[in-house]
Amino acid sequence: MTLTRRHLVALALAAPAAFALPAAAAETVKLGYQLPLTGNTAQYGQDFKTAAEIALARFNASGRIPAKVEIVFEDSRSDAKEGVTIARKFVDDEKIVGVLGDFTSGVSMAAAQVYKEAGMPQLSQTASHPDYTKISEWQFRNITTQAGEGPYNADWMVAKGYKKVAVIAEQTDWGQSVTKYFADEIAAKGGKVVLTEYFNRGLPDFRSLLTKIQREKPDAIYTGFFYEDAANFLKQMKQLGIAIPVYSTSAAHNQKVIELAGADAEGLSLTTNFLPNSPKPEVKEFVAEWVKVRGAEPGQFPAQAFDAVNIMLEAVVKTYPKSTRAAIRDALAATKDFPGVTGSTTFGADREPVKQLSKVRIVGGVFTPVAD
Amino acid sequence: MSEFVRGRLVPLLVLLVVFALVPYGLAKFGKGYFFQVAQLVLIYALLAVSLHLVTGAAGLLHLGHAAFYGVGAYVAALLGTEMKLGFLWGLPAAGLAAAALAFVVALPTMRLVSIYFAVATLAIGQMIHTVLLNWVAVTKGPNGVMLFSGITLFGTPVKSPIAIYFLVAGLVALSIWVLHRLSHSYYGNALRSLREDDQCADAMGVDTVRLKIEVFTVSAFFAGIAGALWAYTTGYVSPGDFGFNTSILVLAMIVVGGLGSLPGAIIGAALLILLPEVLRGVGDLRNVMVGIVMFVSILFLPRGLLGEVSALSLVRRGFGLKWGAAPSDREVGWR
């Protein structure tokens with residue numbers, strides 16, 4: 001029968017995979033990390049993996065608990081069906097007591113349904129959807145939501161005398177929250193949003209959007225974008241000769257903005273809670289390690305991932321040797337004034353992080369802390 | 001008689017595997033992960049078989065199938081959250097909504113042929129995806145829809161993984177049975193005549209445009225059912241799950257399995273869902289390996305893992321002599 005040969009081909013190709021599965025080590029505390037290591041958002045996932053490896057190596061070398069901690073990385077490709085499958089896989093592994101990730105809110109929330117049902121603590125470094133932590137008491141995040149950042153930026157701009165503001169953001173759940181919280185605050189402070197526009201992530205041509213903005217003659221532009229779009233937007237803005245101050249969120253705080261946009265990035269103002277040139281010893285150590293691996297300074301997101309992993313490891317220390325999923329959850333919920341590289345972190349009763357924000361501007365090709 | 005038994009044997013074995021062996025294994029090893037993977041295989045098998053009807057049998061290259069899957073998922077999820085209508089309403093409504101939309105867009109498109117049809121369906125898929133993403137007032141836009149209510153059947157909540165598995169497997173099996181009867185009948189032969197030479201079919205009195213609209217609508221109905229199953233088994237839908245990538249994935253399933261072959265579509269779905277999972281241990285290279293497997297299978301088995309000719313003769317045996325057993329295995333099908 002023709003089937004046999006065909007099956008053999010498929011089997012022969014699939015067989016090496018069976019042997020490649022890693023063997024579980026004994027006497028270790030296991031954590032799961034679901035993140036996009038391949039696909040459209042792989043660059044972020046790869047950053048998180050590096051950050052997690054730095055945090056883990058440092059922790060295991062410190063000997064704070066008599067056992068080793070292991071992190072199981074699984075590639076979700078930012079695909080919800082993969083994310084849910086990974087979540088089931090982590091839940092099935094009884095040794096896994098806590099999970100980090102995913103990257104996008106969509107995948108994090110799809111996986112969260114599994115974690116909620118199974119009772120597994122989940123700490124995402126980047127899921128910023130307003131409803132993510134509302135899913136259940138098992139969801140935590142280590143990213144300041146726009147509920148904090150939007151009003152902070154609005155106050156900053158009003159203080160600078162910018163009352164007529166154009167707002168643009170990417171068409172994602174996060175982009176929606178960027179415009180919403182900002183608009184609420186600026187209206188309350190007597191300012192006005194003269195234009196709100198959304199664009200799809202990865203838009204190659206911002207010119208029509210820029211022309212629209214120019215027509216409204218705003219005092220400033222508030223933007224919700226990530227580094228690729230930020231660089232494109234700033235470059236094309238300079239090409240069109242538009243000179244309006246641009247403000248943004250911590251999502252654009254990435255060295256790559258300066259690399260890609262060069263001099264055109266000059267003057268971009270944004271909020272952040274991670275300053276790579278801060279004199280704090282924990283920041284210096286992380287930045288030095290990161291530069292050793294990657295050769296460039298880390299941005300905001302790897303720093304958030306680094307802190308998220310450390311917060312999780314801290315919960316392991318607090319609960320060891322009785323690190324159950326429930327105990328880890330309670331320890332996470334009790335996190336208070338954790339000294340991370342993104343500032344001190346406390347989880348509120350709503351499992352949202354409370355963090356200090358700082359103001360930064362690109363001056364002379366460097367993210368420079370500024371007072372106004 | 002032995003022909004009859006041989007023909008019945010394969011479907012019986014498949015049913016035995018799906019309804020006895022797999023659930024037994026799942027229950028024995030009791031792991032949610034395997035349930036999840038099994039459910040995904042079933043849902044994608046339904047998607048692939050529904051696309052098989054349009055692309056495999058009728059020969060219309062459909063590049064927007066995932067959009068109708070998305071419409072089904074959204075209708076089920078939104079009915080569940082906004083209108084508090086449970087699974088029993090959501091499931092048929094999802095199928096009907098997807099079918100209704102497909103019918104409307106099919107009216108102008110179905111006069112197109114070959115590459116023009118493909119581009120039109122590509123555009124339809126992208127438009128629906130863009131609407132899901134940007135019509136924030138109704139679809140919640142990029143925020144997606146969270147469906148908190150689980151599956152309830154006649155007042156009884158279906159909660160245990162094994163019960164949900166049986167429900168999904170039962171619905172998928174029923175849907176595939178309907179698609180099988182459509183595909184392997186005089187109706188299916190009419191569809192194949194469209195594919196082989198639509199002008200000739202037209203000249204022979206086959207109403208080609210009507211047939212295309214019908215098959216497109218029926219296919220979307222079952223894609224909508226698959227969407228509802230995805231929404232209810234996952235609990236959260238967002239536009240990203242229903243983009244062009246998903247359309248291409250489903251298309252790849254039916255090509256690898258064998259264009260025009262219904263069992264091939266199921267095999268293709270199982271392969272392309274299971275392979276990336278089996279290869280998880282390989283790490284970052286797994287997508288490359290999946291690509292290599294697809295490439296090699298197309299290179300050496302251009303008619304698919306279970307090509308149309310062998311699939312048809314398999315089915316013919318199942319029908320005994322009732323459905324035109326060919327005097328010899330004449331060469332029909334995708335070449």
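No value in this document is a laboratory result; all are computed from the given coordinates. The structure displayed is predicted, hence computed values, not measured ones. All Cβ positions, glycine included, derive from the backbone under ideal geometry; neighbour counts span all protein chains shown.
Can you figure out the FRET efficiency of residue A:212 with residue B:153, using R₀ = 60 Å and their beta-carbon distance, to the nearest 0.05? The calculated FRET efficiency here is 0.70.
Compute a Gaussian network model of chain A, connecting alpha carbons closer than 10 Å, and tell me which residue from A:262, A:295, A:119 fluctuates the most. Per the Cα network of chain A with a 10 Å cutoff, A:295 tops the list. Residue exposure proxy: A:76, B:185, ordered by other Cβ atoms within 10 angstrom of their Cβ from fewest to most, comes out as B:185, A:76. This ranking places B:75, A:309, A:370 by how few other beta-carbon atoms lie within 10 Å of each, fewest first, which gives A:370, B:75, A:309. Principal semi-axes of the equivalent ellipsoid, √(5λ) from the alpha carbon gyration tensor of chain A, are 38, 25, 20 Å from largest down. Between residue A:93 and residue A:291, the C-beta separation translates, for a Förster distance of 41 Å, into a calculated FRET efficiency of about 0.75.
Dividing the C-alpha radius of gyration of the protein assembly as shown by 2.2 N^0.38 Å, with N its residue count, gives 1.03. Given a Förster distance of 22 angstrom, what is the FRET efficiency for residue B:134 paired with residue B:284, based on the Cβ-Cβ distance and rounded to 0.05? With R0 = 22 Å, the Cβ-Cβ based efficiency is 0.10. Based on the reciprocal of the average 1/r between different C-alpha atoms, the Kirkwood radius for the stretch B:2-318 equals 20.0 Å.
Placing +1 on each Lys and Arg Cβ and -1 on each Asp and Glu Cβ, with no other charges, gives chain B a dipole about its Cα centre of roughly 620 debye.
With the cut-off at under 14 Å, measuring from each backbone N in the stretch B:203-247 to a point 7 Å along the Cα-to-Cβ line of residue B:178 picks out B:215-229. Cross-link partners for residue A:192 among the aspartates and glutamates, with Cα-Cα distance under 17 Å and sequence neighbours closer than 8 places in the same chain left out: A:155, A:184, A:216, A:219. Across peptide B:138-147, the average count of Cβ atoms from other chains found within 10 Å of a residue's Cβ is 5.
Legend: mean number of C-beta atoms from other chains within 10 angstrom of residue C-beta atoms, peptide B:32-38, equals 6.
Taking label points 7 Å from Cα along the Cα-to-Cβ direction, residue A:349 and residue A:155 give a separation of 2.2 nm.
Secondary-structure-derived ellipticity at 222 nm for chain A, considering helices only, amounts to -15000 deg cm²/dmol, per-run term -39500 (n - 2.57) for DSSP H runs with n ≥ 4. On the principal axes of its alpha carbon atoms, the stretch B:205-245 extends 47, 20, 10 Å, with the longest extent given first. Sorted fewest first by neighbouring Cβ atoms within 10 angstrom, A:207, A:294, A:351 come out as A:207, A:294, A:351.
Were the residues from residue A:324 through residue A:243 laid out at 0.36 nm apart, the gain over their Cα-Cα distance would be 23.6 nm. For the residues of A:76-89, the average number of beta carbons from a partner chain within 10 Å of their own beta carbon is 6.
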